[in-house]
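Notes to accompany the following structure.
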2 protein chains.
Amino acid sequence: MDATLKILDASKANLEYHDIELGEQVYLSGNSSGIGPNAWDVINECKTILKAPITTPQGKGYKSLNVTLRKSLGLFSNVRPVTSLHPYVETKFPNMDVVIVRENEEDLYAGIEHQQTQDVVQCLKLITRPGCEKIVRYAFEYANSFGRKKVTCMVKDNIMKLTDGLFHKVFDEISAEYPNIISNTEIIDIGTAKLAAHPENYDVIVTSNLYGDIISDVAAEIAGSVGLAGSANIGRNIAMFEAIHGSAPDIAGKKIANPSGLLNGAIMMLTHVGEIETADKIKNAWLTTIEQGYHTADIYQEGISKAKVSTSEFADKVISNLGQKPQSFKQSELSKGKGVINIPIYVRKNQEQVLVGADVFINWKGSDPEEIGKALTSLNDPKMMLKMITNRGVKVFPGGISETYCTDHWRCRFIASDAKIIDGKPTYSPIEYSSIIGLLSNLNNQGMEVIKTENLYEFDGKRGFSLGQGE
Amino acid sequence: MDATLKILDASKANLEYHDIELGEQVYLSGNSSGIGPNAWDVINECKTILKAPITTPQGKGYKSLNVTLRKSLGLFSNVRPVTSLHPYVETKFPNMDVVIVRENEEDLYAGIEHQQTQDVVQCLKLITRPGCEKIVRYAFEYANSFGRKKVTCMVKDNIMKLTDGLFHKVFDEISAEYPNIISNTEIIDIGTAKLAAHPENYDVIVTSNLYGDIISDVAAEIAGSVGLAGSANIGRNIAMFEAIHGSAPDIAGKKIANPSGLLNGAIMMLTHVGEIETADKIKNAWLTTIEQGYHTADIYQEGISKAKVSTSEFADKVISNLGQKPQSFKQSELSKGKGVINIPIYVRKNQEQVLVGADVFINWKGSDPEEIGKALTSLNDPKMMLKMITNRGVKVFPGGISETYCTDHWRCRFIASDAKIIDGKPTYSPIEYSSIIGLLSNLNNQGMEVIKTENLYEFDGKRGFSLGQGE
């Protein structure tokens, strides 16, 4: 952090600093979220955060502070430009110049998890229309503002037709408003593979939180720039800038760390607060320093580098290069861009939402789907009837096959007892929520252990839930 | 398929064939699952499937047939060996030789999705202990059987502490039983990045379904072998073998397709049914053919290839090479392996499961968390009290901050009204499920629109649910 602040000061950036502390120390002092209440006041006053790397413990302890900050502050967009610095930074991909725009607030990273039975643990993947609209529009606005030609969407909607399907649908809607920008959609598995093999074919990529986490690391790693790249976390009122790399306890205090990651985060911060010419000045000085061969140990290469420098020596070189332009790298020309990106406030369109049933999940230790299927069929509930049972999404009743492996977690789909099922295809009938409560009472009285429920809705007459595998 | 069958026949493999039809044709003829009932009978009789590529439509129509087959048949393990064929197949990674063992039945691919409000769509990620145990043990047994030295686990348990945490925990338990095999765990984002940049550092990788989908495509793509690799889907009784590539409608019927993907699937099939020497014979003939430079159009390279051949010419070359051994590639020595892999039947350990509360999700169109928070606090439910509210996982009541963006999807955590909360940390009290039913009635009577519920349990006295972000 010191090296970056020193460069910012030397550049005469018009900034005022207020310090806050986050992380393990705060956690150990008794605040389970790892962030103290006074920190929120400072953030709300300043609106802009330059954050040093902090560590998230694996599998225990407090929740990811990075995630808490991003989500509490509504930082919906994580932006990571990744550019090769060939030949000064080793890479197999000298021509890559890709920007990953990652949704930052939702998806599996909502972190809503429940162990429901002895066998089964669940995490909720939440995808929202406002979340999709904001991130997709941000990606196109970003492309417009920084002269980018193409936006690629990555989803897995051949499997997740509703959640990833929503992301894809919103992408199609919004891309139509930007006819001057090329747009396309790829399936995340193949897309990640193609990005890894041919990153030079990508320009801007927009995707949801988990996928974005993976592909932004892939991009940085194959560019050789994990230690050098910065990232922006943009919200409506507050924004946070950081290095993409995590903390490195093994080299802490050794004065050999490469400050480029945080510096590149700071450069993005300067463009965000309107100090765009200063941003260009620092970026060009940094590119010049890399070109001149003054390299910290992490990127030092015999025969290519000129000198191995410490953190502060590197910072001093950047400072002495303020005002210089790089010779072989492309110059930074952020100040030629269109400036600040504005995202319209989400307006909820009201759809007609009709309750037509419920998936009731039951903890049952038996193994024969026919047994639980018959018990539930003969419930004689006045309002609801069993349509099917799945186990891990696969239909096992009626008409399952014996090879399907069954856990103790049975999803039992109930619909109105006056719904019509013809050839397995129902015409759903509306129900009242009180019918579901009645069904739950009935199941409870029969000794069935209900562990969770999911209502089934139609939205504007369209089914708002997936079918069972094999339904 | 014809080319592969021709080679199998020429190799004198001891096989008997029964044909079944799957996919779009079956779907269009009125079977919504895309697989007819007689197909299941044939599969149950034969136990072994060699499957040609089929297409899954994106975002509509029938569910992925590949997923239906894998899950209905309990094919828990997807195995994909990826080996470079440098210099005959172009790759930046000449030394990669990695096997990806992907969990094949659960995770987000259970495909359980619900639109719950105007704004929010949800997909369930289900991770099970039997699923984790089977796949992790398979990976170590595979390593043992085929002389592999190291197994790497990839998870995201710094975020998903319960689901991915379970996978990691089971990996740690089972790896301890294989002290002769090196084991380690990586976070999926960094792991995927490192695999993409340095695949030669990996041996066997075991991971859950979605991650495995992504990394197996990354591995195949950077090896240049997407069109050449086969894959096995292994269940307790039934197994299915295929090419890793999908269908290619653009070259269908042109007789230029590379049959290597399905052929490599067939070679894995032969080892599985005990025809291991025949498997070696075909594999060595295939490697020899690649070395000799007889290449189909997809891998043909001027200056490296000797001749561009059609599908059937390639098959004939492989047949004429039966009995040959490759000169520069490593010979196939499957018949020196330890043979068939057996996975013990899962035994459920019974934990004490105590109900201590419920997350009740409410569809509410307001925007101020204080408003819904106060309404729910003043419910005066006799058995349950509100502990907190989150929106997309972030705590917004009590004590939220104004910057948090709120959708119409409010997760309201209720616990026993006699639970003790000291400094925000509760000592949970057991409740009866009837208390949750009472709460739902109470909420319904107050005009609150409940959309879903998740019970909160302790297992053997340990909390079986995540805290809210910032809780």
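Values in this text are rule-based calculations from the coordinates and carry no lab data. Everything numeric here is computed off the predicted structure, so don't read it as measured data. Virtual Cβ from ideal backbone geometry, glycine too; neighbours counted across all protein chains shown.
Fraction of C-alpha pairs exceeding 25 angstrom in the range A:157-259: 36 percent, rounded to a whole number. In the range B:77-144, the C-alpha radius of gyration followed by the widest Cα-Cα span (Dmax) gives 18.0, 54 angstrom. The relative contact order of chain A comes to 15 percent, based on Cα pairs under 8 Å that sit 6 or more residues apart. When each of B:Ser260, A:Ser84, A:Ser434 is scored by the number of other beta-carbon atoms lying within 10 Å, the sequence from fewest to most is A:Ser434, A:Ser84, B:Ser260. Just report the Cα centroid separation between the range A:87-103 and the range B:168-220, whole Å. Distance between centres, Cα-based: 24 Å. Sorting A:Cys406, B:Cys123 by the number of Cβ atoms found within 10 Å of their own Cβ, with the fewest placed first, yields A:Cys406, B:Cys123. For the residue pairs A:Lys365/A:Lys420; A:Lys47/A:Lys325; A:Lys462/B:Lys452, alpha carbon separations beyond 23 Å are given by A:Lys365/A:Lys420; A:Lys47/A:Lys325. Between identical copies, the spacing of A:Val42 label points, each set 7 Å from Cα toward the C-beta atom, reads 6.9 nm from nearest to farthest. Over the protein assembly as shown, the ratio between the Cα radius of gyration and 2.2 N^0.38 Å evaluates to 0.96. When all alpha-carbon pairs of the range B:230-356 are counted, what percent fall beyond 24 Å? Counting pairs separated by more than 24 Å, the tail of P(r) holds 41 percent.
Placing the label point 7 Å from Cα along the Cα-to-Cβ direction, what are the distances from A:Gly461 to the equivalent spots in the other copies, shortest first, in nm to one decimal? Values, ascending and in nm: 5.9. Loop sites here are trypsin sites (Lys or Arg not before Pro) outside DSSP states H, G, I, E and B with no more than 13 other Cβ atoms within 10 Å. The longest part of chain B free of them is B:366-471. Our summary of shape: the Cα atoms of the range A:364-403 have principal axis extents of 34, 17, 15 Å, ordered from largest down, in whole angstrom. Each other copy places its own label point for A:Lys169 at 3.7 nm from this one, sorted shortest first, where the point lies 7 Å along the Cα-to-beta carbon line.
By the rule of a C-alpha distance below 21 Å, with chain neighbours fewer than 8 residues away ignored, the lysines paired with B:Lys255 are B:Lys6, B:Lys51, B:Lys306, B:Lys308, B:Lys317. The alpha carbon centroids of the range B:254-271 and the range A:383-410 are separated by 35 Å. At each listed q (0.10, 0.12 Å⁻¹), what is the log10 of I(q)/I(0) that the Debye formula gives for chain B modelled as equal alpha-carbon point scatterers? Once normalised to I(0) and log-transformed, intensities are -0.84, -1.07. 3J(HN,Hα) couplings calculated from phi for the range A:130-137 with the Karplus curve 6.51 cos²θ - 1.76 cosθ + 1.60 (θ = phi - 60°) are, in sequence order, x, x, 5, 4, 5, 6, 5, 5 Hz; Gly and Pro show x.
Taking the fewest neighbouring Cβ atoms within 10 Å as the starting point, the ordered list for B:Ser175, A:Ser216, A:Ser208, B:Ser328 is B:Ser328, B:Ser175, A:Ser216, A:Ser208.
Most simply put, the protein assembly as shown has about 75% antiparallel DSSP beta bridges, counting only bridges with both residues inside it.
Within the range A:231-299, the percentage of alpha carbon pairs spaced more than 20 angstrom apart rounds to 38%. For the range B:305-370, dividing the convex hull volume of the Cα atoms by the residue count gives 440 Å³ per residue. Altogether, the Stokes-Einstein calculation at 37 °C and 0.692 mPa s, with the Kirkwood radius of the range A:154-209 over Cα pairs as Rh, returns a diffusion coefficient of 274 µm²/s. Just to be sure I understand the curve: with the Debye formula and one point per C-alpha of the range B:15-170, what is log10 I(q)/I(0) at q = 0.09, 0.17, 0.18, 0.20 Å⁻¹? Log10 I(q)/I(0), no solvent term: -0.43, -1.22, -1.26, -1.29.
For the range A:426-471, what is the Kirkwood estimate of the hydrodynamic radius, computed as the reciprocal of the mean inverse distance between distinct Cα atoms, to one decimal in Å?
Radius from the Kirkwood sum: 12.6 Å.
The orientation-averaged projection of the convex hull spanning the C-alpha atoms of the range A:350-471 amounts to 7.3 square nanometres. Binned at 10 Å from 0, what are the whole-percent values of the Cα-Cα distance distribution for the range A:1-57, short to long? Whole-percent P(r) values from 0 Å outward: 19, 45, 28, 8. Shape of the range B:134-181 from the C-alpha gyration tensor: prolate (a/c of 1.5 or more and a/b above b/c, with a ≥ b ≥ c the square roots of its eigenvalues).
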